Amino acid sequence: MTVAVVVGCVIVAIIGVGVLIGGAPFVPTRRKWIHDAMKLAQVGVGDVVVDLGSGDGAVLLAALRCGARRAVGYEINPLLVFLSSLRLRRFRKKVVIKTGDFFRAELPADTTVIYLFQVEKVLKKIPDFIEKQRPNLSAKKLRVVCFGAEIPGRKFVRERGGMSLYEF
Ligand SMILES: C[S@@+](CC[C@H](N)C(=O)[O-])C[C@H]1O[C@@H](n2cnc3c(N)ncnc32)[C@H](O)[C@@H]1O
């Protein structure tokens with residue numbers, strides 16, 4: 001009984017923190033779909049890929065496997081930051097996973113690709129968020145891949161499966 005309660009609490013802690021701040025709960029993107037996202041954004045050598053709500057780090061890992069120069073995750077849930085850092089420890093020279101609300105973060109100046117698996121309420125705020133970051137960003141065109149929902153009021157440039165690619 002006690003073990004079941006502890007396991008239950010751990011599961012709730014892993015899944016639920018994002019929801020408390022109005023973001024998506026932790027639901028990992030399946031491997032096949034991550035592959036689609038990398039293809040859609042044509043992630044390759046020279047890219048700096050940012051996952052806003054990086055969960056278990058699977059997207060960061062896939063980006064590095066596609067040759068990305070660096071992968072940066074922002075994650076509100078410290079437990080997931082711990083687990084993903086452990087998972088990506090081999091790549092520690094190329095990966096940074098930051099704990100906290102990504103809306104309060106300053107994106108790396110050399111960001112080229114952003115991945116988002118978030119709820120519509122969060123995606124609605126993304127254009128303003130990127131606009132605010134714009135003076136600090138060196139890429140003329142930022143590729144933004146969204147999974148699960150589209151950015152309200154914004155036209156995507158390409159689509160693959162449930163993924164949409166936007167340019168900002
Ligand atoms: C649907 S999961 C996606 C995880 C991972 N990106 C993937 O695709 O496998 C969303 C993640 O975003 C995190 N999250 C939600 N709102 C956030 C915020 N404002 N700042 C940082 N992380 C957030 C949640 O804790 C959760 O891990």
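The values are calculated or read from the model by the stated rules, or taken from the named source; none is laboratory data. All values derive from a computational prediction rather than experimental measurement. A quick note on method: Cβ atoms are made from the backbone with ideal geometry, for glycine too, and the neighbour counts reach across all protein chains shown.
Can you tell me which residue in segment 115-164 is farthest from the ligand (Cβ to nearest atom), limited to those that are within 15 Å of residue 50 (Cβ to Cβ), polar (S, T, N, Q) and buried (at least 16 other Cβ atoms within 10 Å of the Cβ)? Per the stated criteria, the residue is 133.
The set of residues from segment 56-100 being small (Gly, Ala, Ser), within 9 Å of the ligand (Cβ to nearest atom) and touching a residue at least 40 places away in the same chain (Cβ under 8 Å) comprises just one member, 57.
For residue 81, the stated conditions hold: it is of a type in the set (Val, Ile, Thr), surrounded by 16 or more Cβ atoms within 10 Å (Cβ to Cβ) and in contact with a Ser or Thr (Cβ under 6 Å, 6 or more places away or on another chain).
Against the test of being under 22 Å from residue 33 (Cβ atoms) and among the small types (Gly, Ala, Ser), the options 62, 109 yield a single qualifying residue, 62.
Number of residues in segment 101-114 that are within 7 Å of the ligand (Cβ to nearest atom) and farther than 17 Å from residue 49 by Cβ equals 2.
Going residue by residue through segment 24-36, is there one that turns out to be under 23 Å from residue 153 (Cβ atoms) and at pLDDT below 95? Yes, segment 24-36 has at least one match. Quick one: would you say residue 44 is under 21 Å from residue 161 (Cα atoms), in a loop (DSSP other than H, G, I, E, B) and either in contact with a Cys (Cβ under 9 Å, 6 or more places away or on another chain) or modelled with pLDDT under 95 (or both)? Answer is yes for this residue. Summed over segment 32-65, residues that are surrounded by fewer than 18 Cβ atoms within 10 Å (Cβ to Cβ), on the phi > 0 side of the Ramachandran plot and touching a helix residue (DSSP H, G or I) at 6+ places or on another chain (Cβ under 9 Å) total 0. Report yes if residue 17 is part of a helix (DSSP H, G or I), in contact with a Gly (Cβ under 9 Å, 6 or more places away or on another chain) and at pLDDT below 95, otherwise no. Yes.
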